[in-house]
1. At what distance in angstrom do the alpha carbon centres of region 294-316 and region 406-442 lie from each other?
2. Order of 64, 358, 114, 422 from fewest to most other C-beta atoms within 10 Å?
3. When the chain is fully extended, how far beyond the present Cα-Cα distance does residue 362 get from residue 401, taking 0.36 nm per residue of separation?
4. Between residue 227 and residue 299, what FRET efficiency comes out of the Förster formula 1/(1 + (r/R0)^6) with R0 = 22 Å and r the beta carbon distance, rounded to 0.05?
5. Per residue, how big is the convex hull of region 335-403 when only Cα atoms are used? Give it in Å³.
6. Only residues of region 19-44 count here: report those whose backbone N is under 12 Å from the spot 7 Å along Cα→Cβ of residue 199, or say none.
7. Run the numbers on the chain and let me know its relative contact order in percent, using alpha-carbon pairs under 8 Å that are six or more apart.
8. Which whole number in µm²/s is D for the chain by Stokes-Einstein, with the Kirkwood Rh taken over Cα pairs at 20 °C and 1.002 mPa s?
Ligand code: BGP
């Protein structure tokens, strides 16, 4: 018997600033992503408030030029049999600096064309309203979401897209990986806060109170966007988007278990709790008190949060991590947005992220048990260096068995979670085609089913090639997850 439900949403994801390129044309202004330089594992991406294109490479500027290749890319996704395509809208194409009273028609038209193209192939878009983008202007004028006025900006932007894309889009996510704001690194990517002295993504100067205040503004914006969306089209469905950094206690020492529980609540559950239940949970009040965080919240905020809860729950899952109270035992490894202690039971990717498929089944059960909402896994995949080789038919391919292995094992665990009773309705792997890496800016950290010829110098023909995983995923989708071989 097939474990996956009949209308399961198989697909993959991208984000506007990581794939589109065309960073300054047709009215678009620079976003916070456009002033991040190329980096690597050893040299972090710089944040340059003033662009210096002679000195630095800015990977988002050209990216893989989805802006001009979207028809070709969507056709390839359709060939794999996609049912869903997760993408984001870059707000700096619509209200480029934030001050405009009318949306930029060229930006609106671009996404309309993309949605129409998806519709042609019966692919359902899943649209992230804000995926690490914001007019750079806002960082300079009001330090991003620290300022309440950004709530109105995102409402204005959302109203324009909700009205324009009625009938073309049904599923929306408000803010990508909103819980990353719980970490210092979230300052730039997630709330557009820059404090004097910050030079790179990895070493940001933090004003904790401002960051949490900004997060509160994100919650309120998200809730008001959901209310607004439903008033424009009651059939719109909204989801949360949580970066789930699954955590284990390194040993069964009760102190480790307690530490693990605390971190899981704060880092992984808090934001989901607010978005699903519409209120701040009990444990965060204590955490804020302990850390001397004082937030400004209005009565209206409380009712907005209550009235703008999500319809489904989504999360990204790449790796798991361990925690311990033992000071001696602290061999650190990285991971998506979080680091932890090395786990002797799992293997690690070339970028040091722990590969833990069983952790995905565990996480699915955790979140379903808590929220009882339909779930979509909106990101999951393996970043690796790929080698282009002749395919024997006059073109090129990548023999990416390591990626197939990663995805196959994760999908297997998804099937088991469905058997456990979890209401998993979709899976958008990261990523459809190779795109710019968020953490390092590299092109060589590739996730796609489709190889895109571009390199870390920002050079390349941008020709698309089908990897071995492309054909494999096509089979997975055709068989609705029954054939994973
Ligand atoms: C998530 C982001 C994505 C994506 C992914 C992989 O946190 O939502 O935008 O980039 O991580 O990370 P990276 O590209 O740094 O390997």
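Bear in mind these aren't lab numbers, they're just calculated from the coordinates by the rules spelled out. On a predicted model such as this, the values are computed, not experimentally measured, just so you know. Every residue, glycine as well, gets a Cβ built from its backbone with ideal geometry; the counts of neighbours run over all protein chains shown.
1. What the calculation gives is 27 Å, centre to centre.
2. On the way: 64 28, 358 16, 114 23, 422 20.
Ascending number of Cβ neighbours within 10 Å: 358, 422, 114, 64.
3. On the way: separation 39, 0.36 × 39 = 14.04 nm, distance 2.49 nm.
The span from residue 362 to residue 401 would gain 11.5 nm if fully extended.
4. Details: r = 16 Å, r/R0 = 0.73.
Here the calculated transfer efficiency is 0.85.
5. Numbers: hull volume 9.7 nm³, N = 69.
So the per-residue hull volume is 141 Å³.
6. 44
7. Normalised by residue count, the contact order of the chain is 18 percent.
8. Values: Rh = 22.6 Å.
Translational diffusion coefficient: 95 µm²/s.
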